[in-house]
1. Tell me which residues, restricted to the stretch B:186-221, are crowded, with 18+ Cβ neighbours inside 10 Å, hydrophobic (A, V, I, L, M, F, W, C) and outside any loop (DSSP other than H, G, I, E, B).
2. Can you pull out every residue in the stretch A:22-61 that is surrounded by 18 or more Cβ atoms within 10 Å (Cβ to Cβ), under 13 Å from the mean Cα position of the chain (by Cα) and polar (S, T, N, Q)?
3. Just checking: which of the helices (runs of 4 or more DSSP H) contained wholly in the stretch B:1-114 hold 2 or more residues that are small (Gly, Ala, Ser), surrounded by fewer than 20 Cβ atoms within 10 Å (Cβ to Cβ) and modelled with pLDDT under 95?
4. How many of the residues making up the stretch A:27-44 are without any contact (Cβ under 8 Å) to a residue 12 or more places away in the chain, part of a loop (DSSP other than H, G, I, E, B) and either under 24 Å from residue B:71 (Cα atoms) or away from every other protein chain (no Cβ under 11 Å) (or both)?
5. Take the stretch B:201-221 and flag every residue that is of a type in the set (S, T, N, Q) and at the interface with chain A (Cβ under 10 Å from one of its Cβ atoms).
6. Can you tell me which residue within the stretch B:199-212, out of those that are over 13 Å from residue B:34 (Cα atoms) and touching a residue at least 60 places away in the same chain (Cβ under 8 Å), is nearest to the chain's Cα centre (by Cα)?
7. Determine whether the stretch A:92-107 contains at least one residue that is assigned to a helix (DSSP H, G or I), β-branched (Val, Ile, Thr) and within 12 Å of another protein chain (Cβ to nearest Cβ).
8. Give the stretch A:26-84 a look and list any residue that's in contact with a Gly (Cβ under 9 Å, 6 or more places away or on another chain) and either closer than 17 Å to residue A:96 by Cβ or hydroxyl-bearing (Ser, Thr, Tyr) (or both), or say none.
Amino acid sequence: MFTKLIRLTALLALASTLAACATKTPALYSWQGYQANLDAYFRASSLSPDAQAQLMEQDLQKIRASGLAVPPGYHAHLGLLYGEQGDLDKFAQQVALEKSKFPESQTFMDFLTRNFKK
Amino acid sequence: MKYQTFSKIAIAFVAVFLIAGCATKQPGWDYSAYKASKPRSILVLSPINNSPDITATYSVMSFVTKPLSEAGYYVMPVAMVAEAFKENGLTQPSDMHQTPPAKLREIFGADSALYITVTKFGVSYTVVNSETTVQVQGKLVDLKTGTTLWQGVAQASSVEGEQQQGGLGALLVSAIIKQVLASTFDNSHKYSGIATERLLATGEKGSGLLFGPRSPSYSKD
């Protein structure tokens, strides 16, 4: 019986430990495959910029359905993928979205807009 | 009587585990400069890689956005940042890290910059084991003043919490299996993600990053 008590105590303590260490703040953003997309981009993987952009557009639908916000850099990165395909209209569109959702990006987005036109 | 002693020991053990479980990495970091600076945005420069594996830099780079954003900061789009440096002739992380803070602030408009160095990345073999370890160091710097706001180090390893049992024969077999697995799967990338999340964790009193202005926990830590 005492052994049971000890086990119970240990279990409860373990549970409280896990609860105490768990992150309390709920997620601000819906990430979907964004980190994997960045990795694919950096590795210059077999996925073409077009395929990467399509994946990100599909994820964007899921993010919107989730009710959570689009992560920082998401629209900018999608814009970069369009820019690399020569689609400067979509590049400008995504860069503008990034800027309106995150005013902190303004200086860099303006810099890109000035410099990405070739 | 005897059982009560047992239960006391059990509770003591659990208490120790509790403290160890939430242990801080660098107790006593002075947060006064960090709190005064109130950075809203972070520019993450491509990490310097001191390991032999050339994939380390961009493996770590692909993992930094999520923890920093969820902590409440705006993170400059990492791939675009890398491209902007490239356009200006800087392809090596060590060159990027040499750029004066004022210049970084002028181009990117970020309040702060995060300088990361990868010190370990990959598999090391001993006779009876193989271990995948990733270790990262980070330094957050105010781009207006050049002041260091925070510093940290974190590691993730495949042998964490592993139990050594079953004698030498079993160890050798497990080492062979692990070597095969380590070369088949992209293990380093996985531990790179864990180490990066640990480095950039918030809510760890005395060692971690503070919450940023987009977090509901901002200025409560």
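1. B:195, B:199, B:209
2. Once the filter is applied, which keeps residues that are surrounded by 18 or more Cβ atoms within 10 Å (Cβ to Cβ), under 13 Å from the mean Cα position of the chain (by Cα) and polar (S, T, N, Q), the stretch A:22-61 yields A:30, A:32, A:37.
3. Because the criterion is at least 2 residues that are small (Gly, Ala, Ser), surrounded by fewer than 20 Cβ atoms within 10 Å (Cβ to Cβ) and modelled with pLDDT under 95, the helices (runs of 4 or more DSSP H) in the stretch B:1-114 that meet it are B:2-21.
4. 0
5. Result: B:202, B:215, B:217.
6. Checking each candidate, the answer is B:199.
7. Yes, the conditions are met somewhere in the stretch A:92-107.
8. Scanning the stretch A:26-84 gives A:30, A:34, A:56.
The values are calculated or read from the model by the stated rules, or taken from the named source; none is laboratory data. Predicted model only: the values in this text are computed from it and were never measured. Because the Cβ atoms are built from the backbone with ideal geometry, glycine has one as well, and the counts that use them run over all protein chains shown.
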